[in-house]
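One structure is given below, encoded as structure tokens.
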Amino acid sequence: MGIRIPGFILAKQVLCQSVQTAKKGVSTSLDVPKGFFAVYVGETQKKRFVVPVSYLNQPLFQDLLNKAEEEFGFNHPMGDLTIPCGEDTFIDVTSRLNRS
């Protein structure tokens, strides 16, 4: 088992972006419990999900983040973390992570 440095760097960038967005007052974290973060999922219409921060260490979730980075980079108009995959795909991945 090796350490996935690129995944760690990606997770750090995502968290830093979330902190910067929150400081700007664009998004409120009052409805997101400690240890969780909000993510928007969808290819055309975006649906908001609140997921555990621990997902950032999971290879399956990191694959979704890599796809988001390829499509949006870290500065995109919505300002929040957006994953451009189908809602069904996201639910499938998070269900697998919940079973682990």
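Determine which single condition Glu69 fails, assuming it passes every other condition in (1) open to solvent by 90 Å² or more (accessible area, probe 1.4 Å); (2) at pLDDT below 85.
Every condition holds for Glu69 apart from (1).
Suppose we filter the stretch 38-66 for residues that are open to solvent by 60 Å² or more (accessible area, probe 1.4 Å) and part of a loop (DSSP other than H, G, I, E, B); how many remain?
Summing the residues that are open to solvent by 60 Å² or more (accessible area, probe 1.4 Å) and part of a loop (DSSP other than H, G, I, E, B) in the stretch 38-66 gives 5.
The values are calculated or read from the model by the stated rules, or taken from the named source; none is laboratory data. As the structure is a computational prediction, the values presented were derived from the model and not from experiment. All accessible areas refer to the heavy atoms of the entire protein, side chains included, with ligands and DNA or RNA removed. Shrake-Rupley method; radii C 1.70, N 1.55, O 1.52, S 1.80 Å.
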